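A short write-up of the structure that comes next.
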Amino acid sequence: MHIEIFRDIKKQGLLFLFFCIVLFPSLASAQAMSQNFFLDDWMPKSIEIKDFDGVAQTTQPSTVTVTIDAGITIAKVSKYVYGHNAAVWGGKLEQNAQCVKDVSDLAPHIVRWPGGNMSNDYFWNASSQATCPKDLPPTAKYNDQLYGSNKNSWTMSLDSYYSFLEKTNSTGIICVNYAYARYSTSIDPVLAAAKYAADWVRYDNGRTRYWEIGNENFGNWETGYTIDQSLNKDGQSQTITGDLYGKHCKVFIEEMRKAAKEVGNDIKIGVVAMDSHVTWNAIQMNWNSGMMKQVGNMTDFIIVHSYHTPFQENSTVSTILNSYVRSKEIKTYIDNGLLTNINHDPIPVAMTEWNIFAQGSKQGVSFINGMHAALVLGELIKNQYGGSMRWDFVNGWNDGDNHALLADGEPGIARYTPRAPFYYMYFFQKLFGDKMIASTVTGSTDVLSYASKFSSGQSGIVLVNKGTTEKIVSLKMSNFKTGDRYYYYLLTGGTDNGDFSRKVYINGKTSTADGGGPADYTTLKPYSANISGDIKLTMPKYSTLYVVVENDKKLQSQTVQFAPIQAKILGESDFDLTATASSGLTVQFASTNSKVATVSNGKVHIIAKGNCNIVAIQDGNDVFLPATQVIQPLSVSFTTGITDISKKNEFDIFPNPASDRIKIILPTEKSTIAIYNSLGSIVYSNLTSVSEITIPTSKFGGNGLYFVKINSSVKKVLIIR
């Protein structure tokens, strides 16, 4: 639509000028609002291809034309759209070196925990039934996989999950137990559940920025959908509603945000929404209206799930590959709901579970599901989702009716071996740039195109032929001066299992096993051809192409001037960045550590003490080459007014972390004690002449990180009660 508007108004001089000055900035603002903080740590992406297998371009006449317009940016690409789900039953992924390598290569960036429906029965710090909260009803579920601290070899504990994140360079998104607010037998079950979630935030201590309150709580398959009212002490209805859930979420959000501040961290919290309107279930029909009216102005983002195809249907290839439209439908439904129910602009949406429901022909583990994954990723980016997490890494075999990306219990295939869909997601993430640009397709409705640009200048393009016949595709590049070559990987299925081959062929190479793809996928050379006029590519039926087009290296060069940034103190106001490009083009900025500072529209927002780099980026156009990025360090410190710490004033605190009290061994006979919270406020002070002192932690306030200052020396202590 934007391309058609652009072309129409280009013919009308003054009207075109009006759109450029007035309308386009508002569109950019709407995009920023839609993805918002999911772009806080957006970074420029570069690619360089050195080795390739040269091939001749087809001489057949084209049947399909794809036009790429690098002059129109659709959206920045949130790295969090490439996410996945881990689950307790997947085993200790972090202990399998090959699994860690494959997931690291996949680069999901974000991994969700602890796993779907069981989130509403999960007790993050329990190790057994005896260590679960004491206010659970007699019908509570008790088993090892529901205990975050269990040590069984077949399950993944919470600390194993944290280790997996660290080893795969991923961040987390955690789904807390909302249903506990429904089935707790305490006097105030909502506050009990909210405080339990908040304690997890404290324990997490900044390792996870993104949090969800419950999982699909509108469904009768979820614990907490109905409760035994005779055990409930705060008058809740037997069956949940969106309104009740929204009211409860306000308590969760308040407690969890308070906990995050206590330990000096910034978190983002999402709430559960229905993905579409239904008429057969009153709870689901009214869910979004009730939820949004209660908490729509308070939540950070909206959570949706979609399994795209009809439930437990033996779906055809056509049904699966045409279900990609759900991403746009869902986003429109949520945006319209916010506007209708609370007159609210779009807020970020994350699809934290997605896959297909199709079963009966091994669809889930087939290359067709890989094609579906490529289509969904393209649509999620195009419709400006903040994040997405595909379901899931490990989930058994079930004769091929399975969602998992990695093998588990599959005859003749080692556990954690990548299945066919893995490769489609790997190449998408690797070969798609940091900004989506406009593309249109003419000549066939079977071919879909998603185009991007790298900050290093190249264009990355994903083409999917969901039709049953071969297509010859011509690529036309607009507002982009091509270089000497283009490169591509062609992914197709095999001949096993009818239309749903368990194998994927990458440039003609596959696995010797019964399913999956080539083990050397990370080192496979792309095909490459010289560019002479339009680029032409052959697409067999049910095929996917990942293409990189070189930019012209003979364009004008440019440089960026970006002055050093002064050191900052935690609590300082947002400040503007200034940089100029010799080309006169606009310079963009990015932060390398969103836990310390974020950048939005050229303004820096300080989050916490620490160090990060601010990167100045100008990625060129059809006249200028991308500029060399300029990096300036940013240092943020926390101060209590003490700048000189003397060794002679050292002291000891124990235990640390502490629960009910701390003991301080003092360095001198006369000491001044001051204890600060993470906001810099004094919560305790004393002048004493004893050599040691014990202080109840109840004097500090809530759980969190505190700074203990004795004379001129400062140490940190973590309180978890």
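Below is a table of values for the structure above.
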| read-out | value |
| --- | --- |
| Residue list for the stretch 272-286, filter: hydrophobic (A, V, I, L, M, F, W, C) and closer than 17 Å to Leu339 by Cβ | Ala273, Met274 |
| Meets criteria (touching an Asp or Glu at 6+ places or on another chain (Cβ under 6 Å), surrounded by 13 or more Cβ atoms within 10 Å (Cβ to Cβ) and not charged (D, E, K, R)) for Ser594 | yes |
| Breaking point among (1) surrounded by fewer than 22 Cβ atoms within 10 Å (Cβ to Cβ); (2) among the β-branched types (Val, Ile, Thr); (3) over 28 Å from the mean Cα position of the chain (by Cα), for Thr523 | (3) |
| Residues of the stretch 572-601 that turn out to be more than 17 Å from Asn611 (Cβ to Cβ) and part of a loop (DSSP other than H, G, I, E, B), as a count | 10 |
| Hey, Leu545 modelled with pLDDT of 90 or more and assigned to a strand (DSSP E or B) or not | yes |
| Residue selected from the stretch 51-89 under the condition within 30 Å of Leu39 (Cα to Cα) and either hydroxyl-bearing (Ser, Thr, Tyr) or in a loop (DSSP other than H, G, I, E, B) (or both), by the criterion nearest to the chain's Cα centre (by Cα) | Tyr80 |
| Total residues in the stretch 674-721, condition part of a strand (DSSP E or B) and under 32 Å from the mean Cα position of the chain (by Cα) | 7 |
| Subset tally (residues that are in contact with a Ser or Thr (Cβ under 6 Å, 6 or more places away or on another chain) and closer than 15 Å to Ser366 by Cα) for the stretch 386-419 | 1 |
| Phe422 within 24 Å of the chain's Cα centre (by Cα), in a loop (DSSP other than H, G, I, E, B) and either at pLDDT 95 or above or not assigned by TED's automatic domain parsing to the domain that holds Lys471 (or both) | no |
| Subset of the stretch 117-151 (residues that are among the small types (Gly, Ala, Ser) and either within 29 Å of the chain's Cα centre (by Cα) or surrounded by fewer than 16 Cβ atoms within 10 Å (Cβ to Cβ) (or both)) | Ser119, Ala126, Ser127, Ser128, Ala130, Gly148, Ser149 |
| Any hit, the stretch 380-392, residues being out of contact with any strand residue (DSSP E or B) (no Cβ under 8 Å at 6 or more places or on another chain), modelled with pLDDT of 95 or more and not assigned by TED's automatic domain parsing to the domain that holds Ser543 | yes |
| Residues located in the stretch 202-215, provided they are assigned to a loop (DSSP other than H, G, I, E, B) and either touching a Lys or Arg at 6+ places or on another chain (Cβ under 9 Å) or surrounded by 20 or more Cβ atoms within 10 Å (Cβ to Cβ) (or both) | Gly206, Gly214, Asn215 |
| Candidates Gly517, Gly494, filtered to the one that is in the same structural domain as Asp53 (by TED's automatic domain parsing), within 11 Å of Phe367 (Cβ to Cβ), modelled with pLDDT of 95 or more and surrounded by 20 or more Cβ atoms within 10 Å (Cβ to Cβ) | Gly517 |
| Filter pass, Asp159 being assigned to a helix (DSSP H, G or I), free of Cβ contacts under 8 Å to residues at least 40 places away in the same chain and among the charged types (D, E, K, R) | yes |
| Search result, residues across the stretch 636-684 that are loosely packed, with under 12 Cβ neighbours inside 10 Å and either under 30 Å from Thr598 (Cβ atoms) or at pLDDT below 80 (or both) | Gly641, Thr643, Asp644, Ser646, Lys647, Lys648, Glu669, Lys670, Ser681 |
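The values are calculated or read from the model by the stated rules, or taken from the named source; none is laboratory data. The shown structure was predicted, so the numbers you read here are calculated from the model rather than taken from an experiment. Positions of Cβ are backbone-derived with ideal geometry, glycine not excepted, and every protein chain shown enters the neighbour counts.
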